[in-house]
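Read through the structure below, which is laid out as structure tokens, and then see the notes.
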Amino acid sequence: MVKTFLFLVVLTSRALLWANEQLVVVISSELNSTTATLQRYEKEESWHKVGESVPVTLGRNGLGWESGNMSLKREGDGRSPAGIFEIHTTFGYDENPIGTMPYYYADDNLICVDDSNDTRYNQMALLNPNDPPKSYEVMHRADGVYRYGAVIDYNPTQSMGRGSCIFFHLKNAKNTPTSGCTAMDEKPLMEMLQWLNPIKKPRLLQIPLNECEKYQKEFVGVECVELSPTPS
């Protein structure tokens, strides 16, 4: 039996009515920056900080917009997505889930499809040796950067060529930019994964600093300043 599990959380009818109450905010100094600062927030009457701000690594070409602004994100462009995205799944190399989010066990059979012409584009799947995608990413990587992580729900409509397989994950050993994900050290990543609560419908707001004020009416309490992350 293939040991790949997706643990589903049963939400109560009351929880289904709740608005988003958790927000992960990633702010870079400018669009093409390969580094940024991450701050977690929770909603009461307004958004308030949770934990310390931490440094993160972005794509090798900075950020690319989901829609509207330029530059738009494309498959293989080396940009992390800019905009607002749901976070509803975590993954890891352990069979048991991390925290309470739905969870993918990333064994040797779990892949993420990045072939734009495949019907499974931008989806997790089990590798079928008889029908493999032309291009895919193995989730149990030798470098261990996917040992813990979360799926950023970018391009959920699977629009061809707009980008795929976008995650929070561990930084690599050389702390170099990613191919389009958002990476951080192990301690803050684990804290975030354990904090994420599916009932509170967590989202990611990932933007350059000069765009932040546009979002303050929707996210009252979020700081639009270039934060000074606490060294990890």
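Could you work out the relative contact order of the range 60-171, using alpha carbon pairs under 8 angstrom and six or more residues apart, expressed as a whole percent? Display every interim value, and only then the final one.
On the way: 232 pairs, mean separation 29.0, N = 112.
Relative contact order here is 26 percent.
Under the classification rounded if a/c is under 1.5, otherwise prolate if a/b is larger than b/c and oblate if not, where does the range 23-117 fall, given a ≥ b ≥ c as square roots of the Cα gyration tensor eigenvalues? Could the numbers behind the result be given before it?
Working: a/c = 1.88, a/b = 1.06, b/c = 1.78.
Verdict is oblate for the range 23-117.
Using only the alpha-carbon atoms, how far is helix 186-195 inclined from the longest principal axis of the chain? Give it as 0 to 90 degrees, nearest 10.
Helix 186-195 and the main axis of the chain meet at about 80 degrees.
For the range 20-215, which semi-axes, largest first and in whole Å, follow from the square roots of 5 times the eigenvalues of its Cα gyration tensor?
On the way: eigenvalues 123, 80, 49 Å².
Equivalent-ellipsoid dimensions as semi-axes: 25, 20, 16 Å.
Please find, in a Gaussian network model of the chain (springs between Cα atoms separated by less than 10 Å), the residue of SER29, SER179, SER46 whose mean-square fluctuation is greatest.
Of SER29, SER179, SER46, the most mobile in the Gaussian network model is SER46.
Given points 7 Å out from each Cα along the Cα-Cβ axis, report the GLU21 to MET70 separation in nanometres with one decimal.
4.3 nm
Near PRO133, within a Cβ-to-Cβ distance under 11 Å, what is the net charge of the other residues, with Lys and Arg +1 and Asp and Glu -1?
Values: positive: ARG120, LYS134; negative: ASP114, ASP115, ASP118, ASP131, GLU137.
Neighbourhood net charge equals -3.
If pairing requires two Cys Cβ atoms under 4.7 Å apart, which cysteines of the chain are left without a partner?
Cysteines of the chain left without a disulfide-compatible partner: CYS181.
Enter the Cα centre distance for the pair the range 83-99 and the range 155-232, rounded to the nearest angstrom.
Measuring centre to centre over Cα atoms gives 13 Å.
Given springs between every Cα pair under 10 Å in a Gaussian network model of the chain, which of PRO132, PRO97, PRO202 has the largest fluctuation?
In this elastic network of the chain, the residue with the biggest mean-square fluctuation among PRO132, PRO97, PRO202 is PRO132.
At a Förster distance of 25 Å, what's the computed FRET efficiency of ASN175 paired with TYR93, Cβ-Cβ distance as r, to 0.05? Before the final figure, lay out the partial values.
Details: r = 21 Å, r/R0 = 0.83.
So the FRET efficiency works out to roughly 0.75.
Sum up the charges of everything whose Cβ sits under 10 Å from the Cβ of SER67, counting Lys and Arg as +1 and Asp and Glu as -1, but leave SER67 out. All intermediate terms of the calculation are to be shown ahead of the outcome.
Details: positive: LYS73, ARG162; negative: GLU66.
So the surrounding residues net to +1.
Can you give the relative contact order of the range 20-215 as a percent, counting alpha carbon pairs under 8 Å and 6+ residues apart?
Relative contact order comes out at 29 percent.
All of the numbers you see were taken from the coordinates with simple rules; none came from a lab. No experiment lies behind these values; they were computed from the predicted model shown. Reconstructed Cβ throughout: ideal geometry from the backbone, glycine too, with neighbour counts over all protein chains shown.
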